[in-house]
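The values are calculated or read from the model by the stated rules, or taken from the named source; none is laboratory data. Quick caveat, the model's predicted, so the values are computed rather than measured. Please note: Cβ atoms are built from the backbone with ideal geometry, for glycine as well, and neighbour counts cover all protein chains shown. What goes into the accessible areas is simple: the full protein's heavy atoms, side chains included, and nothing from ligands, DNA or RNA. Shrake-Rupley method; radii C 1.70, N 1.55, O 1.52, S 1.80 Å.
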Amino acid sequence: MKNMKAYLFPGQGSQKVGMGGTLFEEFPRLTKQADDILGYSIKELCLNDSDLNLDQTEYTQPALYVVNALSYQKTIKEGEKQPDFVAGHSLGEYNALQAAGVISFQDGLKLVKKRGELMSRAKNGGMAAILNSSENQIKEIIKKAQLTIDIANLNSPSQIVISGLKEEVNKAQSYFEEANTIFIPLNTSGAFHSRYMKEAENEFEKIVKTITFSKPEIPVIANFTGKPYEVENMKDTLVKQISNSVRWMDGMMYLIKQGEMDFEELGVGNVLTKLTQKIRNEYNSLVDKKNVQFENDIEMSTNKEVSFQSKNENILSVEPKEHHSSAKLVEQWNKTCPIGIKVLSDLYDNELETRTEAMLLFGHRAAVYVKGYNGYFDLREVKVVD
């Protein structure tokens, strides 16, 4: 049985100055089409970002879409065979649809431009990554605390993102800390993929209705369902993505279950590559156990706790319930890692720089703060750059 291939396209958060490189020169016609639609130079934005717009949602999304699309064109130009599946994380899903022939490059960019504008209007929102937990456990915490917060991203069994009004997300931190999860506030001003995006979704739907969708030439995995798009529901499925969870883990699980699947990330960075490898590793470790069903085991019950914390050797590991272990980890970190050291996190594609020593928070959390971010980072969630 031959290996299948799936192309993956990253979404917002992967952007960085210099992305795209020589692609704009290699594909001048598409680059000009992008400039005409956007009203500014996409090459200047991506390579130089002279006006410091690249991290603003209304600019970020078109920029990533264009770079992802040109990366796909280069792959095809170099003679790579058409993949068996395509998928994209949030914004990246538009690239998957374009690669599958559902929408044209121009129509995809028009949709992304409008999407970025609508989502940029979302203010007073907040998001946080919850590690070492499960969807059901998170829902239970939210319910008991009576928080108006939604699950935005189901990235992997041990990495889930919540979204809501900033004050609610801040309020939620203590509840998640008490449940021995790792709570990491994310740098965002919008409550993306939550009920608070419903108004933007309604406006976006009007634009989607004006665009022609074709039958997919390649199966496209939908964020909203975690399964391939159904032809009769394509527009509705894409629209619902804005205010609903990105079920990335479910989508990757679907692909893994199809057989021998090779994943290749196109565009910027390797965030999806790392996430998908985690999902594959965790799945393989579970299916090797007799009578274990992955779909059942990712749910937490009151009688049985299942941990899916990644065993990545590059991540410092410690049992969160043991105070003395956390204190020792802080001590070891401060002996070898001075303030200002460069670190990496699976939640971000770029290098980060610490701005404090490691410290023990809440009596049990080994943490460090980094420049440009208000929330702390758990020491188990970061690795020092070699």
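In table form, for the structure just shown:
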| quantity | calculated |
| --- | --- |
| Exclusive hit being in a strand (DSSP E or B) and either β-branched (Val, Ile, Thr) or in contact with a Ser or Thr (Cβ under 6 Å, 6 or more places away or on another chain) (or both), set 184, 211 | 184 |
| Filtered residue count, segment 226-243, keeping only those that are touching an Asp or Glu at 6+ places or on another chain (Cβ under 9 Å) and touching a residue at least 24 places away in the same chain (Cβ under 8 Å) | 9 |
| Test: residue 191 is open to solvent by less than 40 Å² (accessible area, probe 1.4 Å) and under 21 Å from residue 376 (Cα atoms) | yes |
| Given (1) among the polar types (S, T, N, Q); (2) buried (at least 18 other Cβ atoms within 10 Å of the Cβ); (3) in a helix (DSSP H, G or I), number of the condition residue 90 does not satisfy | (3) |
| Failed criterion for residue 103 (all others in (1) touching a residue at least 40 places away in the same chain (Cβ under 8 Å); (2) out of contact with any Leu (no Cβ under 6 Å at 6 or more places or on another chain) hold) | (2) |
| In segment 162-183, the residues that are touching a residue at least 60 places away in the same chain (Cβ under 8 Å) and among the β-branched types (Val, Ile, Thr) | 182 |
| Out of 54, 8, sole residue that is more than 21 Å from residue 99 (Cβ to Cβ) and open to solvent by less than 10 Å² (accessible area, probe 1.4 Å) | 54 |
| Enumeration of residues in segment 122-174 that are of a type in the set (A, V, I, L, M) and either more than 16 Å from residue 186 (Cβ to Cβ) or open to solvent by 40 Å² or more (accessible area, probe 1.4 Å) (or both) | 141, 142, 145, 147, 165 |
| Number of positions in segment 23-35 that are closer than 12 Å to residue 66 by Cβ, of a type outside the set (S, T, N, Q) and assigned to a helix (DSSP H, G or I) | 6 |
| Which numbered condition residue 177 misses (of (1) open to solvent by 20 Å² or more (accessible area, probe 1.4 Å); (2) of a type in the set (D, E, K, R); (3) modelled with pLDDT under 95) | (1) |
| Inter-residue pairs, beta-carbon under 7 Å, first among the polar types (S, T, N, Q) and in segment 59-84, second open to solvent by 60 Å² or more (accessible area, probe 1.4 Å), 6+ apart | 60/12; 61/12 |
| Count - residues of segment 244-257 that are open to solvent by 20 Å² or more (accessible area, probe 1.4 Å), touching a residue at least 40 places away in the same chain (Cβ under 8 Å) and not small (Gly, Ala, Ser) | 3 |
| Where a residue in segment 14-28 is under 16 Å from residue 56 (Cα atoms) and its partner, wherever it lies, is outside any loop (DSSP other than H, G, I, E, B) and open to solvent by 50 Å² or more (accessible area, probe 1.4 Å), with Cβ under 7 Å and at least six apart | 16/350 |
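Rundown of residues vs (1) at pLDDT 55 or above; (2) in a helix (DSSP H, G or I); (3) open to solvent by 50 Å² or more (accessible area, probe 1.4 Å); (4) of a type in the set (Val, Ile, Thr), yes/no style:
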residue	(1), (2), (3), (4)
272	yes, yes, no, no
279	yes, yes, no, yes
302	no, no, yes, yes
318	no, no, no, yes
325	yes, yes, no, no
